[in-house]
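The values are calculated or read from the model by the stated rules, or taken from the named source; none is laboratory data. Quick caveat, the model's predicted, so the values are computed rather than measured. As a convention, Cβ positions derive from the backbone with ideal geometry for all residues, glycine included, and neighbour counts pool all protein chains shown. Please note that ligands, DNA and RNA were not included when accessible areas were found on the heavy atoms of the full protein model with its side chains. Shrake-Rupley method; radii C 1.70, N 1.55, O 1.52, S 1.80 Å.
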Amino acid sequence: MTVAPTSAAFRELRLRQFRNFAELDLRLPPAGVAIIGDNGAGKTNLLEALYYLEIFRSFRGAPDERLVRFGEDGFFARAAVDGASGASEVAVGFERRGRRKRVSVNGAPPERLGDALGSVGAVVFSPSDVALVAGSPAERRRFLDIVLSLNRPGYLPALQRYRHALRNRNALLRTGASPALLLAWESGLLESGGRVMAMRAEWALLAGAGFSRRYEAISQGQSARLAYAPSVPQAGELVDAAQAAELLRGALARVAVRERDRGVTLVGPHRDDLALLVHRAGEDRDLRDYGSGGQQRTAAIALRMVEAETIRQARGREPVVLLDDVFAELDPGRSRRILELLEEEEPGQAILTAPKQSDLEVRRGSLPHWRIEDGKVLA
Amino acid sequence: MPLIDDLTAELARLPGIGRKTALRLTYHLLKRPADEVRRLARALESVAERVRPCTVCGNLTEQQPCALCGNPRRDPTLICVVEESSDIGAIERTGEYRGLYHVLGGRLSPLEGIGPDELNLRSLLPRLGGADAGTGATAGAPGVIREVIVATNPSVEGEATAVYLQQLVRPLGVRVTRLARGLPVGGDLEYADGVTIAEALAGRREL
């Protein structure tokens, strides 16, 4: 018998001058809380602040300056947590002047910001997640990069090295540098790129079944699947980093002439995608092009659940689920099945928001309900 | 007070010194005896006038060739290639290396516009008995150098520079090696960062 993993949780949150919160001090119940408020009251801002302490940037893609309350010099956020990797306190301060960001975990600054990523162990479900499915490949690469950076040791440094080598190589291609110089940059590109591709391929293979199962459960029998769609042919098979690097080397050689014309690197992890396919009438169709709004939302939610699964497996703790008004625009049947699935699979702390009370039946309605109004939380 | 402002502005141009530190240094200097300040000024003047890159290896020196190149007890069959003169000090302090050096004066960095022409490569090939990239002339003592040790930094740029050097040097029949990467000696495995441990694992050796 396996011992049930313990859960990650936010225990206390302190915000200063973050978005529309001038001063906020909250004690969060272990099971979670349902937060109800009108549009513009600050529901999403609160989840944004919590998840900021996981990745140190806005999940909405907002620049740090815009997170500072209007007219203030900076913001501060701190949470007492039961972190997935042993953290008990995560804090961050940002100063608008000089755009300085200070992160600390358990009171001390991490050696690198990357070391502090994922200290809590949380997943956000947001209506904007539909862009994961309907948006450009860049959205899915960003998803992959965040999931893997937080859950696979070595992924982030490899990605950073790859991007750095890529920028340098592109600069060379633009200026028409000699083949010898291009070759000098290739080894760094191949080594880091190979690692990135191998980790993406391995994750997609592991996550595929979980994605299909959840998609089916929510959509009542429709089938969908997830697959790594690398820009380098065959790199989607289970390969190790050295094999992936060799595949990348071959692919680069094949596009060498075109690259010189175009002045930019044409293949590699920076051109990868994650294929999300729905099976219909005997064939696989891309959900991005052929999925209905409901199917795309369902796939996005299934992806987030797979992300939660990844955290659970990598860190042995139930992640915190942050649900931002996820049931908007879903038909009642789908909403109910998503709730059921969350009940079954996500026993960790759940912090959710909605505009009306009736939308909130997670944890069978057992969560305390708080109201939020104009940056103030009324417990 | 334009003189004080001038000095502050000059100090603030130094790496790692911001406006506040520059001000503090300026007022500190103003409080010291004039002799002491003159000594600093003379020291600055002399390095500016007398210290030049060694014509052979590129190391910063007051004599030509530098003390390392001119030392007959150094092993003339080994050349260690470093990015900056300051790297020589680090290697010399180990007392483990008895060969010669070659200072590149930087590393390849296309993003900063630094290519092979911006580095001190022109004088390296003749030392190895290869043709000078510019003149086509052969100089030095061909065949004397047995090994080139590339000691550029383990950054993406340093690695690219190393690969580029290897391409240049290998056709000359000279052995090219690279410094190993791994765990710091005397450190705790527990406190080493993940990237370093991963490198050390990848480069593990048979016992």
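The table that follows gives values for the structure above.
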| read-out | value |
| --- | --- |
| Qualifying residue in the range A:23-41 (condition: surrounded by 13 or more Cβ atoms within 10 Å (Cβ to Cβ) and in contact with a Ser or Thr (Cβ under 6 Å, 6 or more places away or on another chain)) | yes |
| Unique residue being hydroxyl-bearing (Ser, Thr, Tyr) and closer than 30 Å to residue B:127 by Cα when the list is B:26, B:77 | B:77 |
| Considering residues of the range B:136-154 that are within 14 Å of chain A (Cβ to nearest Cβ) and open to solvent by 40 Å² or more (accessible area, probe 1.4 Å) only, the residue modelled with the highest pLDDT | B:153 |
| Pair list, Cβ under 7 Å, 6 or more apart: the range B:179-207 residue more than 14 Å from chain A (Cβ to nearest Cβ), other residue surrounded by 10 or more Cβ atoms within 10 Å (Cβ to Cβ) and in a loop (DSSP other than H, G, I, E, B) | B:179/B:151; B:180/B:203; B:182/B:203; B:183/B:192; B:189/B:183 |
| Candidate set from the range A:319-345 (those that are crowded, with 24+ Cβ neighbours inside 10 Å and modelled with pLDDT under 90); member that is farthest from the chain's Cα centre (by Cα) | A:338 |
| Exclusive hit being under 21 Å from residue A:9 (Cβ atoms) and out of contact with any helix residue (DSSP H, G or I) (no Cβ under 6 Å at 6 or more places or on another chain), set A:117, A:150 | A:150 |
| Lone unmet requirement of (1) more than 9 Å from chain B (Cβ to nearest Cβ); (2) within 27 Å of the chain's Cα centre (by Cα); (3) open to solvent by less than 30 Å² (accessible area, probe 1.4 Å) for residue A:192 | (1) |
| Residue match in the range A:307-317 (condition: open to solvent by less than 60 Å² (accessible area, probe 1.4 Å), within 24 Å of residue A:180 (Cβ to Cβ) and of a type outside the set (A, V, I, L, M, F, W, C)) | no |
| Check on residue B:78, of a type in the set (A, V, I, L, M, F, W, C), touching a helix residue (DSSP H, G or I) at 6+ places or on another chain (Cβ under 7 Å), in the same structural domain as residue B:160 (by TED's automatic domain parsing) and touching a residue at least 40 places away in the same chain (Cβ under 8 Å) | no |
| Residue match in the range A:172-181 (condition: touching a Gly at 6+ places or on another chain (Cβ under 8 Å), open to solvent by 10 Å² or more (accessible area, probe 1.4 Å), more than 8 Å from chain B (Cβ to nearest Cβ) and under 30 Å from residue A:121 (Cα atoms)) | no |
| The range B:49-94, subset in a helix (DSSP H, G or I) and more than 20 Å from residue B:106 (Cα to Cα), residue least open to solvent (accessible area, probe 1.4 Å) | B:94 |
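Conditions tested, residue by residue: (1) assigned to a loop (DSSP other than H, G, I, E, B); (2) surrounded by fewer than 16 Cβ atoms within 10 Å (Cβ to Cβ).
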site	(1), (2)
B:163	no, no
B:171	no, yes
B:183	yes, yes
B:186	yes, yes
B:190	no, yes
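Residues checked against (1) basic (Lys, Arg); (2) within 21 Å of the chain's Cα centre (by Cα); (3) closer than 30 Å to residue A:52 by Cβ:
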| site | (1), (2), (3) |
| --- | --- |
| A:163 | yes, yes, yes |
| A:169 | yes, no, no |
| A:174 | yes, no, no |
| A:179 | no, no, no |
| A:186 | no, no, no |
| A:202 | no, yes, yes |
| A:206 | no, yes, yes |
| A:212 | no, yes, no |
| A:222 | no, no, no |
